[in-house]
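Participant: To start, I am sharing the structure in question, which I have written as structure tokens.
The values are calculated or read from the model by the stated rules, or taken from the named source; none is laboratory data. Please read these numbers as outputs of a predicted model, since none were measured by experiment. Every residue, glycine as well, gets a Cβ built from its backbone with ideal geometry; the counts of neighbours run over all protein chains shown.
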Amino acid sequence: MPRRCRGRKGRWLNWIESEFAALRYFALNGTDHRSHDEQNAAINAYIRWRNARAEPKTNFAPDSPIRTWTHYPAKAA
């Protein structure tokens with residue numbers, strides 16, 4: 001399936017996709033797990049390792065509409 005340009009509203013996906021790419025590379029590539037439990041253990045070990053070294057993401061979608069206040073009607077229909 002070819003990649004489509006998502007425009008500016010989909011840029012946050014780039015951050016998520018890179019996290020999953022790292023998970024695939026470090027926990028799943030080149031492996032032959034004998035069971036789902038063994039595969040889950042490898043994924044969990046990577047997630048624990050990654051979370052222990054995680055830092056806050058800065059400048060995350062600064063021009064996203066979600067960062068601005070939306071005026072909702074006082075009375076819902």
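Participant: Pick from the stretch 25-37 the residues that are loosely packed, with under 12 Cβ neighbours inside 10 Å and in a helix (DSSP H, G or I): which of them is modelled with the highest pLDDT?
Facilitator: This residue is 37.
Participant: Applying the selection to the stretch 38-63, what residues are modelled with pLDDT under 90, among the charged types (D, E, K, R) and farther than 16 Å from residue 19 by Cβ?
Facilitator: Selection gives 63 alone.
Participant: With the requirement that a residue be surrounded by 12 or more Cβ atoms within 10 Å (Cβ to Cβ) and among the charged types (D, E, K, R), what does the stretch 39-64 give you?
Facilitator: Within the stretch 39-64, just 50 meets the criteria.
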